[in-house]
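Read the structure below first, then the notes.
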Amino acid sequence: MTSAHPRSVRLAAAASALPLLALVGCAAPAATAPGAYDEWDQVLADAKGQTVQLWMYGGDDQGNAYVDDILAPAVAEYGVTLERVPVTDTRDALNRVFTELQAGRSDGTVDLIWVNGDNFRTGREADAWLCGWTDLLPSMANTDPADPLLESDFGTPVDGCEAPWHKAQFTLVYNADTVAEPPTTMAEVLDWAEANPGRFTYPAPPDFTGSVFVREVLASVSGGADEVPAAFSQAAFDELSPALYDRLTGLAPSLWRGGDTYPANEAELGQLFADGQVDMTMTYGPATLTDLVADGTYPAGTTVLPLEDGTVGNASFLGLPVNSDASAGAMVVANVALSVEQQVAKAKPDVWGQFTVLDIDGLDAADRSLFDALPQSPVVPPFDVLSRNAHGELSAEWVPALDEGWRTNVLSR
Amino acid sequence: MSFAPVPRRAGTGAARRRGALMVLPAVTVTAIVVLGGLGATLAQAFGLLPIIGPARPGIGAFTAHPDDLASAVGVSLGIAATSTAIAVTVGTAAAIVIVSGRLGGRIVAGLGAVTVTIPHLIGAATIGLLLADAGVLPRLLGIPPESWPAFVGGPWWAAVIAEFAWKESAFVALVVTGTLATRVSAFDETAALLGAGRWKRFRHVLLPLTLPSIIIAGAIGFVYALGSYEVAWLLGRTYPEPLPVLAVRLFQGVSLDSRPEAAAVAIVTSVIALATVALTFAALRRTAAWR
């Protein structure tokens, strides 16, 4: 550049540096809780006209249909518009919140997230949740305040930072047409996999279904769920995890494709099961099985596998990001979603089949009869059967530690 | 598209300044996106932009998972190089068929134009449905899943490479066709009249004149394959991961401390892409047609 224009060059440099500076300038979140409410009437008044974006896992057609066709019209009566934003992983929603907080946005686009477990804990660490608002919800009166599943979420105290939505039970599923003698404990499941090479696999953690399977195996190789302390400690991890990874590494050659690769998520495992490439699948949402069998996606022999050592159960919640620009509307949605009518509607097998978080014994007779009258699914047993011998989730700190250990010990062996 | 040297356009200083002003809006928008995005990524990678806690500057994010990063670089380079090599070969051959002007050429041109408009995500899903163990192809052929080669999620990344090669070859074909349809065809005819055979014309006329477009199209395809997430995620295997898949997994990691590591992987990807572009320009300078 011989005939340089020093001024315009400097100007151009300054102009291009500005956006950079602007981005670097707005570091860690500066958001504070918007309008904390004391009265429900005030919430109802503010909610009128608000549009609530509910970010939730979008891979479940029944869940999508329930929110669009049943929940959205119900909240519309309060003047609230409910928009469902499908994500492939709840982390995507949480990441959106973090990114907006990082950028200093107080008018966040995420108003509600279907969340639990390590995502909830991470959000709490980053102060991304609005807290102390669930006591305001009139529907909370129908829940059991002493229910351990609602008091803490994977060991993280809920503290009114999320409203309960439904309960889930981790469930193994097999094809009764191809598995003549189904195993009855987790240890037998692993033995069965070794005796039937190529007919079993599990999603690769950090996928949440694969992750919970690894925790179930941890409980099994440790001599039972009671032998694994719920609170994470490096000492407990160092003591218990070698047996887990030894077992899974030993199992790998007997898995689908010789453990050379794993399905990336529950949907891919379900595809293998539907195609008859494996004889077992697993899910945190057994409610979806009814429809999958009815429409012929899954084989007619699809049967829930009850394990004597029980499986893990948890509750999932609706979290309200601290920078939501429609927090009143979001509270109304959470309250309606927790009402008896919505919980009953959602529990119907042909709607979504999700297990209620309400305390059924504490309901009045009329409401209780609604739950008693629910039709049974031909595939999925009722919650009290599914949750027999169930155990609670380990604390959320266990999850990333076990997932990362699985990557280094089992996946890249 | 012509690569003949263009004489410097005469003009007053005012005209040049007006020209600069005209491109300023486009340059500004590009600068905000590229510099802002890269700047934010750099700041995160070097620990200057934490989600929680104080900033801790350092290069820890680059050295946190050296094995994962090294294997990701290897896998990504392998996929991008293989698919680009196939795409350049197929695309150049297709371009020559297209400019032949026969019916076959028109069919190939139509196929190429349609292929370019299909989004990579749709392409990946299609290849997956076609080539998976229990996909359309093995079902049509009556081959059971266990006997079908592991194209999807297999050790050779066959489905991923096939998708990139298919999409990019159409892109290369269209770019090269554009070059061949210009004065190159006149040179080709002249050479034919002078008695040059097909191979000689290809070797001494077509290839040298189209080489710059081939190099540019190949470089664009290479850089795209290097940074593309969805194809590798849908059709690839869980380990080892290509760079973009590794970056997204780390970015989505629930322990917030892995975000700088994701940014570091993205920076490494960008550096490789920029180096590719630099090499491309170096190669272009050496081609006869560019000079």
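The values are calculated or read from the model by the stated rules, or taken from the named source; none is laboratory data. Note that the structure is predicted; figures quoted are calculated from it, not measured. Cβ placement follows ideal geometry from the backbone for every residue including glycine, while neighbour counts extend to all protein chains displayed. We work out accessible area using only protein heavy atoms, side chains counted, and drop any ligands, DNA or RNA first. Shrake-Rupley method; radii C 1.70, N 1.55, O 1.52, S 1.80 Å.
Every Cα-Cα pair in chain B was counted, and those over 33 Å apart are 39% of them. Working note: 222 nm ellipticity from helices only, DSSP H runs with n ≥ 4, each -39,500 (n - 2.57), summed and divided by the residues of chain A, gives -11000 deg cm²/dmol to the nearest 500. Ignoring any ligand, DNA or RNA, what whole percent of the accessible area of the protein assembly as shown comes from carbon and sulfur when the probe is 1.4 angstrom? For the protein assembly as shown, the apolar C and S fraction of the accessible surface comes to 62 percent. Mind checking which aspartates and glutamates have their Cα closer than 19 Å to the Cα of A:K348? Skip sequence neighbours fewer than 8 apart in that chain. Cross-link targets: A:D60, A:D61, A:D68, A:D69, A:D291, A:D295, A:D359, A:D361, A:D367, A:D372, A:D384. Within the same chain, aspartates and glutamates fewer than 8 places from B:K200 are excluded, and of the rest, those with a Cα less than 12 Å from its Cα are B:D188. Is the shape of the range A:333-393 best called rounded, prolate or oblate, per the rule: a/c under 1.5 gives rounded, else a/b larger than b/c gives prolate, else oblate, with a ≥ b ≥ c the square roots of the Cα gyration tensor eigenvalues? In terms of gyration-tensor shape, rounded. Taking each residue as 0.36 nm, the span from A:T99 to A:D159 lengthens on full extension beyond its C-alpha to C-alpha distance by 19.2 nm. Candidates B:T63, B:Y224, B:P260 compared by Cα position along the dipole of the range B:24-285: farthest toward the positive end lies B:Y224, with charges placed on Cβ. Residue-wise HN-Hα couplings along the range A:345-351, as the Karplus relation 6.51 cos²θ - 1.76 cosθ + 1.60 with θ = phi - 60° gives them from phi, are 4, 5, 7, 4, x, 7, 8 Hz; Gly and Pro carry x. Shielding by partners for peptide A:269-281, expressed as the average number of C-beta atoms from other protein chains within 10 Å of each residue's C-beta, is 2. The charge dipole of the range B:24-285, taken about its Cα centre with unit charges on the Cβ atoms of Lys, Arg (+1), Asp and Glu (-1) only, comes to about 900 debye. Ordered from largest to smallest accessible area (heavy atoms of protein chains, 1.4 Å probe), the residues A:E393, A:E181 come out as A:E181, A:E393. Quick check: from the Cα gyration tensor, does chain A come out rounded (a/c under 1.5), prolate or oblate? Note, shape of chain A comes out oblate. Between A:A365 and A:T184, the FRET efficiency estimated from the beta carbon spacing at R0 = 41 angstrom works out to 0.60. Computed over chain A with a Gaussian network model linking Cα atoms closer than 10 Å, the most mobile of A:A287, A:A128, A:A45 is A:A45.
A cut-off under 9 angstrom between Cβ atoms defines the neighbours of A:S324, and their net charge, with Lys, Arg +1 and Asp, Glu -1, is -3. Put a dot 7 Å past the Cα of A:E83, heading toward its Cβ, do the same for B:R139, and the two dots end up 3.7 nm apart. Normalising by residue count, the protein assembly as shown has a Cα convex hull of 199 Å³ per residue.
Okay, which of the range A:184-212 sit inside 17 Å, backbone N to the point 7 Å along the Cα-Cβ direction of A:N389? Answer for this model: A:184-192. Computed from the C-beta positions of A:A195 and A:N409 and an R0 of 25 Å, the FRET efficiency is 0.60 to the nearest 0.05.
Distant-in-sequence amide contacts of A:T356, defined by a placed amide H-H separation under 5 Å and a gap of 5 or more residues or a different chain, comprise A:K167. The range B:212-226 and the range A:200-217 have Cα centres spaced 39 Å apart. Between the residues A:A236, A:Y57, A:L44, the greatest Cα displacement towards the positive end of the dipole of chain A, with unit charges on the Cβ of Lys, Arg, Asp and Glu, is found for A:Y57.
The residues neighbouring B:A219, those whose beta-carbon lies less than 15 Å from its own, together hold a net charge of +1 under the Lys/Arg +1, Asp/Glu -1 convention.
Annotation: per residue accessible area for the range A:234-334 equals 30 Å², rounded to a whole number [probe 1.4 Å, protein chains only].
Taking amide H positions as modeled 1.01 Å from N, with prolines and chain starts lacking one, the residues under 5 Å from A:T302 and 5 or more places away or on another chain are A:A176.
With a Förster radius of 56 Å applied to the beta-carbon distance between B:I118 and A:A36, the computed FRET efficiency rounds to 0.65. Under 5 Å between amide hydrogens, built in the peptide plane, is the criterion, and for A:R84 it picks out A:L54 among residues at least 5 positions away or on other chains.
Estimated purely from DSSP H runs of n ≥ 4, each contributing -39500 (n - 2.57), the mean residue ellipticity at 222 nm for chain B is -23000 deg cm²/dmol once divided by its residues. Remark: spin-label model distance B:L103-A:D135 equals 8.2 nm, labels positioned 7 Å along the Cα→Cβ axis. Centre-to-centre separation between the Cα atoms of the range A:224-241 and those of the range B:58-126: 47 Å. When both the range A:343-413 and the range A:109-158 are represented by their alpha-carbon centers, they are found 17 Å apart.
Scalar couplings 3J(HN,Hα) for the range B:156-169, obtained by applying the Karplus form with A = 6.51, B = -1.76, C = 1.60 to θ = phi - 60°, are 9, 6, 4, 5, 4, 5, 4, 5, 4, 4, 5, 5, 6, 5 Hz; x denotes Gly and Pro. In terms of accessible area, using a 1.4 Å probe and ignoring ligands and nucleic acids, A:L411, B:L21, B:L42, A:L149 rank largest first as B:L21, B:L42, A:L149, A:L411.
Taking 27 Å as the straight-line reach from the Cα of A:K346, the lysines in range (excluding those fewer than 8 positions away in the same chain) are A:K48, A:K167.
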